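Okay, structure first, notes after.
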Amino acid sequence: MKTPWHLWTVGGLTLAWNAMGAMDYVMTVSRNENYIANFTAERLAFLEAFPTWTMATWALAVWLAVAGSLLLLLRSRFSVPVYLAAFIAMAATSIRNLFFAEVSAVSTMTSFEMLFTVAIIALAIAQWLYARAMFKRDVLT
């Protein structure tokens with residue numbers, strides 16, 4: 001089957017989006033001085049309190065999402081389970097941060113950050129659904 005034009009558009013846009021998430025992860029984890037200079041003291045304390053498993057699920061969410069976008073651009077059917085795994089890792093991280101953290105993420109988030117978190121979750125689901133639809137249409141092999 002001929003590759004639809006929107007696969008290249010969606011693949012490119014999701015790769016750029018997920019690369020921004022990867023950049024955020026790397027800059028935060030490496031404690032880049034210029035990057036974290038914009039963080040409030042509460043936000044830094046919140047990040048410092050991440051248990052190891054939360055750091056691991058955050059890393060998985062970020063890097064699996066990037067891999068999912070690359071696999072989509074390669075027209076690989078493996079983009080479907082990789083996007084799903086990225087979403088599950090992201091959901092685990094978000095659920096812990098929003099509801100079970102010692103210092104709730106909600107208390108350190110602005111309204112924009114809350115909306116952005118919802119957008120991240122919605123886009124993760126949309127990426128998986130798009131890849132699944134392309135697989136069902138035999139675009140991915």
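The values are calculated or read from the model by the stated rules, or taken from the named source; none is laboratory data. In this text the structure is predicted, and so the values were computed from the model without any measurement. Cβ atoms come from the backbone with ideal geometry, glycine included; neighbour counts cover every protein chain shown.
Tabulated values for the structure
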read-out: Scan of region 101-116 for residues that are part of a helix (DSSP H, G or I), modelled with pLDDT under 85 and either in contact with an Asp or Glu (Cβ under 9 Å, 6 or more places away or on another chain) or surrounded by 11 or more Cβ atoms within 10 Å (Cβ to Cβ) (or both), ordered by number; value: Ala105, Val106, Ser107, Thr108, Glu113, Met114
read-out: Single condition Ile95 does not satisfy, out of (1) without any contact (Cβ under 8 Å) to a residue 24 or more places away in the chain; (2) hydrophobic (A, V, I, L, M, F, W, C); (3) closer than 16 Å to Leu15 by Cα; value: (3)
read-out: Scan of region 29-51 for residues that are of a type in the set (Phe, Trp, Tyr) and not in a helix (DSSP H, G or I), ordered by number; value: Phe39, Phe50
read-out: Members of region 53-85 found to be modelled with pLDDT of 95 or more, of a type in the set (S, T, N, Q) and part of a helix (DSSP H, G or I), listed by number; value: Thr57, Ser69, Ser79
read-out: Test: residue in region 20-28 that is assigned to a helix (DSSP H, G or I), crowded, with 16+ Cβ neighbours inside 10 Å, of a type in the set (S, T, N, Q) and under 11 Å from the mean Cα position of the chain (by Cα); value: no
